[in-house]
Structures are given as C-alpha cells and as structure tokens.
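All remarks here apply to the structure that follows.
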Amino acid sequence: MTSENRRVLSVMNHDAVESSEQVPLHEEDPLITEEIYTFPSFSLIWWLMSWIQQLKFRAMLWLYHSDHPKHSHLLSNLAKLHFTRSQVRPPIPPMTDLETAIVHEREALAFRPHGHPHRHISVGNLAMSLSFRFNVSENRDDLEEAIKYARETVAIRPKTHPYFHIALSNLASSLFLQFHRARNVKDLDECLENEYAALELRPLGHSYRSISLSNIARYLHTRFFESNRMENLDKAIALQHEAVDDCPSNHPMKNVTHGELSQLLLCRFSYLSDIKDLHAAIDQGHAALASCPSNHPTYPSALGNLASLLHVRSIEGGTTDDLKKAIEHGHASLDLHPPGHPMRRPTLQLLAGLYNSRFYQAGDINDLHEAVKHGSASLNSHPPDSPSRIAAVGIVVSSLALRFIQLGRMEDLEDALEHARAALKQLPDGVPGHDLALQSVAGLLQARFDEFGRLDDINEAIELEHAVLDLHPVGHPGREQSLGTYAFSFTSRFTRFGNLDDLDKAIKYQRESLMLRPSGHRNRPLSLSNLATALGMRFDKVHETKDLDEAIEFEREALGLRPPGHPHRHYYSLDSLAKLLHQRFQSSGNRDDLEQSLKYSMEAYTTAEKNMDPLLPKISITLADLYKADGNIDLAFTLLNEASENTTSSLLNRFEAAIAWVKLGRNVDHASTSVAYDKALLLVQRSLFLRATVEMQHSLLSRDDVKFLASEATSWALRKGNLEGALQTFEQGRALFWSKIRRFREPLTDLRARYPDKADEFEDLSSRLEHLATAKSGSTVADSRTIDSLKLLGDNEPSLPPGFKQSLTAAAAARSATMVKQNLNLKLANKTQDQSAAAFDQQIKEQRLLAERWNDMLSEIQALGPKFNNFLGPVPVDELKTAAKYGPVILLNHAELFIDALIILPNGEISHIPLTDTAPELLGSLSSQMDRIRSRDTANSEPRDPSLRLKPKINRPVISDSDDLESLTMLRTLWEIVVEPVVKALLRMGRKENSRIWWCPGGKLSQFPIHAAGPYKDGEKNLYDYFISSYTSTLSSLIAARQSQSNSTQESASVQTSASMPESATGKVLAIGQSTSLPKVDDELRVLEEIFAEKATILKNDKADPQSVLAKLPVHPWAHFSCHGARGTPQEPLSSYFELHGAQLSLLEILETRLSNAELAFLAACHSAAGEPETPDEALSLAVTLQFCGFPRVIGTLWEMTDDDGPPLVEKFYGHILQNGIEDSAVALNLAVKSLQHNVEGAHPRRWATFIHIGV
C-alpha cells in the first residue's frame, strides 16, 4: 500500500467524523440517540442495534406517510444509518449500504425544497455520500454533484450554525478530490481557503480542531509536490505535530493523526535523507497502531502504514527482521480488506513491493512471482482510466522488469513497457509524477536496447532522460538521480558507437551526480561504480593511466559500501574491480593486481552461481581471462563451456561466453575450438529468430563478433583439414537474414499431403511472421551488443532497468505515494510519436507470441516421423554439393589472417586452394580502393553527371583518368592474389574454357568485381576470356533458384496451354523506365519494344509508379528496370530502392512479393547488386531480393552505370537470349559486355565491370 492510499483513507475517515450531518440532529428526530453513530466499538451488539434501528425506521416510515412532517426526517436518519454502516467492516459488499444511503437521502431531499429549514442538512449529507462513492467508483458525475451540493450547503447554512465549520471542511475535502482529478491549482487554493476558515471556527479545545490541522497539513503536503518548496512540507509537519498533540488520546481518530505525521516525516526523509526523520516516522507508525483497536475501521490501514515504513528502513540498511515484520503486517492488512474493498488495491501494491525487496535480499525467484501476482491483482482491480492506477502500474512495472532481468522473458519486458507508456499518458508534462513516468519508460527502453539494439530505443531513452533533467534543475532534490541516469544513457550509447564525446559527457554527469551524493548518501555506491566503469572505458580508448587509477579507487570505495550479502556486491563491485585490476596488471605487470583480481572475481563467481544470477556468463568471462593470465587454462575452458550452456541467462550473454571460448581456443590451438564456433553460430541463429524487424536483425548481424564469425570458423576448419565442415560452416554463417525468411517460405508439399491441417496452420504462422519480420519499423537499429563491462544500475536502488524506480524505495516512497490521486487522464502532446512507439511495442509482442507457437509447431512436425525429422533443419553437406551440378562453385573465404578458395566440382569433390599469405593485407588496401570507387558519386559537390543512373540529388563528377587507373590496378591485384590461383586450379581439373563457373565470395570479397579480374596485358587473358562467371550469395540460394526455374518452367507450360490465361499475362517482359532524368531510357525502351513487340509491357515515367509495378510483376516472367537506383547505408541497410514516378520502390516492398512465374530480371540501375558494406555476407541488395522473391537469374550492377550504355547492352543481351534461350543469360551478358568493350570508345573496365550475373 502506498502512503498516498493511506492518506486518502485518512481523508475519508476524517471527513466521516467531521460530517455531523451524518449525526442525527435532535430537532429532526429526538428518538435517535447520537451515540450510535459516532464510531463506537464495532461489536456484534452494535450491528444488532443497527439492524434493530433500521427495522424501527422502516416501521416508522410505514406509519408516517409522505405527507407527515416526520417523513423526511426518518428518510434522512435511515440514510445516515446506512452511511455509517458503510464506513465499517460489513459482512456485505461495501457499496450496498452506501448506495442505499444515497437513495434515501435523495428521497429526503425531494421533501425539502429550497427554503426548507432542513435542506442544508440533506444537501450536506448527500454531498458527503456522493464524495465517498466517488472514491470507490471514481465516477466524475458523483464528484461534480458532490461539489455542487457542498457549495449549496455552505451557501444556505447560516454562518452562526454550530455545524457551519463542517460544511466548510466538507467542501474543502471535495475540492481536494477535484484537484486530483482536474489538476487545477485554483481548486487546491480554494480547498485550503475553506479549511483555514473551518480552523478559525475550531479554537483550542474544539473537538474537531485536530481534524482541520491534519487536513491543512495534507493539503500543504500536496502543494509541496506542486511547488517543490520545502517550506510547505515543513509547515505541514509542524501542523500535524500540533494535530497529534491536540487530539485526545481516547479520540477514535487518534491513530490517524499519528499515521498522517509518519507519512509527512517519510516524505521529508525521501528528499533530505535525514535518518532521524525515518526513525521518527516509524515511531509515529507504531504509535498509530498502538492507539487503534483491532476492530476499528482504520486498523488495517495502520497495519499497512507501519509495513510501508518498515519496508523503507529495510531498504535503507535495516535488518531482515524489518522486512519480515512488514510482510506480516501487509498480509494482516490484506486479510482485513476483502475483495471489493477500496483499500484492498493499495494493500496488494504494498505486498508486491515487499516481495520485490525480499527477492533482493534472498534471491528467491518465488518472491518475484508473488510480487507480480499481487501487483497485477491490484492493477486489474482499477478502472482503465483511473488516476489511482498509476501507483499500481509502478509496482507492476517494477516487478515485471525485475523478472525480465532474471529470467529473460520477453513478455515481461513487453508488458512492463506497455504499462509504463500508459502511465506516461496519464501523467503529462506539468503533472507531479511525470518525471518518474519518464524515467520508467526510459529505463525499459534501455533494457530493450541492450537486448535488441534498436537505435530508436536508446535515442528515445536519452531524450526522456534529458527531459527529466530539465524538470530537476539545480537545487531540486531529485537532480542527483537524474544526472546519474542521464550519464548512464551516454555510456550506453558510447558502448555501441565508440564516440568519445558520449563517454566524456557520461563522466561529466556522473561526477556531478557524485558531488550530490556525499559520504553516507544511500546512492553513493551507484555513482562510484558507474563513474569507475566510464573511466575504465576511457582508459581502453586513450590509455591515460590516471583514468584507470581513479576508476580503481572509486570501485574500491563502492565495494566498501557494499558488504557481503549486498545484492550489487558481486557483479557491480567485485566483477568490475576484478576487471579494472586485470587491466592494470596487463599494463604494468604488477602481480599483486592479478592476485587481487582473482580473489575478487572468484568471490563474484561463487555468489552469482549460488544465486543463479543470469549475469553469471559475464562473470565467467572475467574469471576465465584471469585463469588464463594465471596459467590455469583448463579451468578457463570449463568455465566458458558452462557459461555458453547457461539456460538461465540471455542468448546474447551465452553468445559472448562462446566467443570468449573461441578466442581463447584459437590462442592456444585447443581441441574444443570447433565446438565453440558451432555453439556461437547456433546462438546467433537463435537470437536472430527472436528479433522482430529487419532492422533489429541487421543490428545483430552487424556486430563485429557476428559478421566475421562464419568466415573465421570456416578458416579454422580449413586449417584443421575439415573441408566438409568448412563448407557447411561457410553456408550456415552467411545470409542469415535470407535463411530466416526462406524458412518461412519453405514448400509444405509433403506435410500438406499427410497433415493438411498442420500445414495450413504452419503456413499461416510463417506468413504472419514473415510479414512482421519484413515490416519496416520506421527506426534505425544499432549494434545490439549487451553492455559487457558496463556496471551501471541506471541510477536506482534496487537495480531495476536504468532510470527505473521501484515505487517504494526510500527516495521515492512518499513522492510516488502522493501521486496516486494526482494523476490525470490527459494526453501527451506528441500523439504521433506515442502511437508509433506503442505500435512498435505491439509488433514486438506479436512477433514473440507467433515465434513461440512457430517453434512449438516445428518441434511437433519434426516429431511426426522419420520423413520429417530434418524438416527445416540444416542442409546436409551432400545436398549443398548439388549446387555445383552444372558447373564449379568457388567459395571465397576471407578471414583475418587467411584467404582461401573452396572449389566444389559437379562430381561432389571439394578442393581447397590456400591463397597467398599476403592476401589479407593486400585485400585491405583493395577494399579502400573499392570504397573510393563506390563512394565517388557521393563525395563531390559538383553537379551530378546526368549520364549516370544514380539516385536523384546525388552529385557525381565525370570519370577521370585517375579513376580508371585506380580501378585497373585493383582488378590486376585481385587477379594476382585471388582469381589466378583459382583459374589455374580449374584448368588443371580439366574445366573447359568458356564454360560456366559460379562465385560465392565471403566477407569483403563479396564487394569486388571478381568476374572482371585479369592481368590486362597484351597477349594475356582475363577471367572473362577463360570462363563465364555468375554469382550466388549462398549455395542454398543457387539450389533454390534452380528449383524456382524448374517450377516456373512447369507453370509457364501449364499457363500457355490454358484457354483461361489472363490477358495481363500475355506480355513476356515488363519494362519499367524513367526517362525524365535519364535521356537514354527512351532509346532503351524502344529497343525492348522492337525486340519483344506485343510481348512487352511498358511502364514509363508517370505510368511507372511503385503500385503499378508491384501489381504487374507477378504476371510477367521477365522484368527490366531502367531508372535510378540507390543502395542501403550502414545506418539503414535495407533502404535500397528504385526511384520510380512519385515514390521509391523499396527493397522491403519488393521482399513482400512472391513471384512464382518469374524467370529473368535485368536491373539497369546503379548499385542494384551492391549491398551495404557493414554486413557484406548478408547480400542485402535489390538484385538478391528479386532473386529471393522468385527470379532465378538477375542482372545487376555493383556501382553506377552510364546511361549511354543501356540501349546497346540491352539490344545485344536480349537478342542473344531470344536466339539461344534464357538458360544462356550469363553467356548473353558476357557477350554484351564484350561488345561494349570493343564498340564503345573509352569503355574502361570501371564502366562495364559493374554488370554481374546472379543465379542460374
């Protein structure tokens, strides 16, 4: 139960006592005695008497008809009886008596028109009853009507009336509720004005004086949150002290005054951290419980209040006994609040927070489950738009976030973020609690960024944390925490991108935060650890010894403040300090540093293993490094093997352990290294499947330890002589994105034949998953590495996601409590951004649920029998070899130290050709040249050369002689170090000249024009003189292309013999052209019309919009694009597109199509076969996309093409195909390019080498 809910209960109880309208007046009915209605001991005798009175009233109503002057008095007294009974613990639902009271008071009011001497009594009673019902139902109409009647009471009751002060106080109470609902400060000011007026009528010795003092204290407390002026809180505490002293010890509400004072003291403690305030608050909590009989209606609240106070002390370093007693009191309070009781909700919230804290102390996951259960029960009992949901949301989000950290269950993170965003909607800017809501959302976004690397998540988190810092200016008590969380955001971004400016900012803000957390401050260890981590990172970058020494000093101080048993000791201090000391040992060679590092790391490992901490793999990596440094290599391998298998940790944590295993194995040539590579590749594939969008998938694939993983694993297998293993590793580690999508499009012929229902369901799941996986989220994604050395807790205690608060920490308890009734159902200013974020959150959740079902179904299908055992499993090596059925396939593997060629022959033999030892160095130089060639179109500010089919608005100079020389040098070097050894080997194997070969280059080699390599000397042959080259991104894609060609041929034959063939399918080729900015496109399209005549469908200029093209592609076997093209960038790798009329046809839009009738695509556009350089093995290009969607053969460009070359190239290419068949498309391109070389003056290799053939 939050303190705010306890406070609200106190308001209710105070008002119930104050409302003497609820005490029958003697002039109305002298037969009713006042004593029955003034909170007596609620014994069974009292209940019996109340039922007797009820029967008596009803009997008298039967005797006194409606025209009798006593009739309205009896109705009013009957209403008072039901109202009083509704305020105690009834054996029937709480609302029953209250509803009856309102009905009877309305009946009484009907007999008391304006001017009636007792009207002020009925309107006062009705105002009070409606106000109470509003607190249960939160129906705005009740509150508005209550205020209306309360105002009328003050207006018509004589100021000399003995109960006029009650009318003033009751109006203040209703206005206070209105303030919480509408956030109008005028309501709060009027509320205080009326309560001060009531206090003037309650001099010293007045029985209600203490109530007014408490009410004013409560209202000033609220004003404190509005103004952040400490004098308001100090005055509130002084008034509440006076209320406690003024209230007689035997007063039935004495305990409430103690409870109110305890909450005010707790609030001041949360801001000023004076432990005396916390101890004084607990003393008042004990006094409240001691002065409250167990049968008093406020007894459950007194239990909850004391439980909350003890909870705070347990967080502040109290004993486990504090938490044990708090949980006991919380459950006792819950037992006294049956289902349906309005105070059950906050009591459930209190228990959720208590179980969260006990989880920190004992590490029992069952406590976390209890926290989620109680918090969810509270949340579910609130109306959807109720402001009181905010506190419930806070504790549920805390519990779910903690469980996500522990178990890695994505549904917990999804639900937490959904709840946090909903809370932020109800807490717009200017409303108290807005800062806490911002921090909650920011913390969860950072947690998701750590998991998936979505760049928009970390950017939004930084933006939200900046907004929080603006809300906490210098002098604000929350600034120290805001600085810490803001610094954390910059450290996170540095970890991804390595921008020193971010790291410098992080260190700057962490130092400022530390300055505000002097010795003795409860959050000082957080600042020390976070600052130490940031300084250690900067040492790695700039190697300033003072940074490392200072980092060690700070972490030692943090460790001293975290004694054994502290939840953050083992990872955030011990492991961090071990790493820092290891760094210094590596720098200085001081053996003492290594020994201390080992000592700290072993303690961290032991604690993490005992607690089943999901961060154990990270701690294992640290300890393994130290074992290696100390010579215990076998222990290091054992640790890393276990860490990679740790199912309690996240896939990425396990992957990092596997990578550490790989690195260690390579360094010492260990026999387990191949196993480590296999484990790492498997974990990457599993992690990839869980990523909902293409951007998130690319973020994983662009990691340095992922994008080169397959190449290094292949190289290792080759060094060990395992050729088939190298072949399979090369295949499994490439084009992972395409492999994932291909699984969704796997034909289900065999499954459908035997299990049609399963096939239908699996196909539906696959289709929906593909749609989600290829849906552009409208965001960019960064490298999704988890924060390895980042010992950052955000800035919270206990350690929730960065920036996230547990609702009952000492720092936030009183603040978050008071905000329960202060939060409104208002809208955020930026609706579009909010809706976009919510839509993405929903996309993540939907993808996870579908993926879980898809995986379950896959297991079910594989268990159907031997025929399905390997359904969607790894492709066997023998099947991969069939890719070379019609000609050799050459795999080119580029690792850090070696470049190798694997030649697969049609008979299935594999030949390994190690290339020169200097190849990696030379290739690095060639890569720089290739980057310059490809980037020249974007690097010059001169007007764009209109003769190039670049994307619009790109500047490009005319090709110079220096450009030609550099490209020629590149092709010669490529021939010497890569291509010539392969050609010689093929000739030795008996391959005939002018026969076909397929290149499958890996890593950086995939960006080179291998097909154009040659010595370029008189009398010597180049590659294109020896063989006809084609490319394939993977062996599987070549096999699939051949199968697609076979299916397309069969379907085409079937269609052509059908009398019902649609007219739209009669065109052989779909030609798309944009001649408005490319003059030669008109000539190119005319050539196509001449060649194909009526078999050509031309979409030109305004007819060639993306929708029209996508509509016609499925019914045209051939497609020809003549337009501007653009490739993706490292920031947006899937942003490649064709520039069409009015819009772009993007790679993602093309990917959504399925072209079962496709045969050939010619992409006469710049960069159409070029992927982005960050993930070359993924082949994320327009050409590969069209091949994946169904075109078995595609002509594309590696860089820009010259507009003039389009018409002659097209004429030669299609002319040859029509004479010799589409199967000769690679030969046709070879001949067309040679014609270009010989017939066009100045046709340098850079001009024609851009064209490549992909597929069959």
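A few remarks follow.
- Taking the three principal axes of the alpha carbon atoms in region 366-493, the coordinate ranges are 39, 32, 24 Å, sorted in descending order.
- Distribution of pairwise C-alpha distances over region 313-436, 5 Å bins, in %: 2, 12, 19, 21, 20, 15, 9, 2, 0
- Heavy-atom accessible area order for T1129, T1197, T545, largest first, 1.4 Å probe: T545, T1129, T1197
- Neighbours of K148, meaning other residues whose beta-carbon lies under 13 angstrom from its beta-carbon, give a summed charge of -3 when Lys and Arg score +1 and Asp and Glu score -1.
- Computed with a 1.4 Å probe over protein heavy atoms only, the accessible area of R181 comes to about 40 Å².
- When the C-alpha to C-alpha distance is required to be over 20 Å, the pairs from K148/K186; K599/K628; K758/K881; K679/K881; K235/K276 that qualify are K758/K881; K679/K881.
- Heavy-atom accessible area for T1185, with the other protein chains in place and a 1.4 Å probe, reaches approximately 0 Å².
- Per residue, region 1098-1248 exposes 30 Å² of solvent-accessible protein surface, assessed with a 1.4 angstrom probe and all protein chains in place.
- Probe 1.4 Å, protein heavy atoms only - accessible area per residue of region 270-368 in square angstrom: 36
- Rolling a 1.4 angstrom probe over region 1068-1148 with all protein chains present gives an accessible area of which 48% lies on carbon and sulfur atoms.
- Restricting region 861-921 to trypsin sites (Lys or Arg not before Pro) that sit in a DSSP loop and have at most 16 other Cβ atoms within 10 Å of their own Cβ leaves K885.
- For region 1107-1181, the percent of C-alpha pairs falling in each 10 Å distance bin, counted from 0 to the bin holding the largest distance, reads 19, 51, 27, 3.
- Set of lysines with alpha-carbon distance to K1021 below 27 Å, sequence-local pairs under 8 removed: K885, K984, K992, K1004, K1212, K1234
- DSSP-assigned coil residues among trypsin sites (Lys or Arg not before Pro) in region 190-270, each with at most 15 further Cβ atoms within 10 Å: R229
- Prolate/oblate/rounded call for region 528-642, Cα gyration tensor, a/c under 1.5 rounded: oblate
- Environment charge of Y1031, counting only residues whose C-beta is closer than 14 Å and scoring Lys/Arg +1, Asp/Glu -1: +2
- The alpha carbon convex hull volume per residue for region 487-558 rounds to 70 Å³.
- Under the combined filter of DSSP loop state and at most 13 neighbouring Cβ atoms within 10 Å, region 515-611 retains these GluC sites (Glu not before Pro): E544.
- The fraction of accessible area contributed by carbon and sulfur in region 317-406 is 53 percent, rounded to a whole number (1.4 Å probe; ligands and nucleic acids excluded).
- Cα-based shape type of region 1115-1256, given that a ≥ b ≥ c are square roots of the gyration tensor eigenvalues and the cut on a/c is 1.5: oblate
- DSSP bridge orientation in region 1112-1172 - percent antiparallel, rounded to nearest 5: 55
- Surface composition of region 156-230: carbon plus sulfur atoms contribute 54% of the solvent-accessible area (1.4 Å probe, protein chains only, all chains present).
- Mean-position separation - Cα centroids, region 618-637 and region 388-440, in angstrom: 39
- Within the shell defined by Cβ-Cβ distances under 10 Å, the residues around T257 carry a net charge of -3, with Lys and Arg each +1 and Asp and Glu each -1.
- Whether region 202-312 is rounded, prolate or oblate, judged on the alpha carbon gyration tensor where a/c under 1.5 counts as rounded: oblate
The values are calculated or read from the model by the stated rules, or taken from the named source; none is laboratory data. Just so you know, these numbers come straight off a predicted model, no measurement behind them. Note: ideal-geometry Cβ built from the backbone for every residue, glycine included; neighbour counts use all protein chains shown. Heads up: the accessible areas ignore ligands, DNA and RNA and are worked out on the full protein's heavy atoms, side chains in. Shrake-Rupley method; radii C 1.70, N 1.55, O 1.52, S 1.80 Å.
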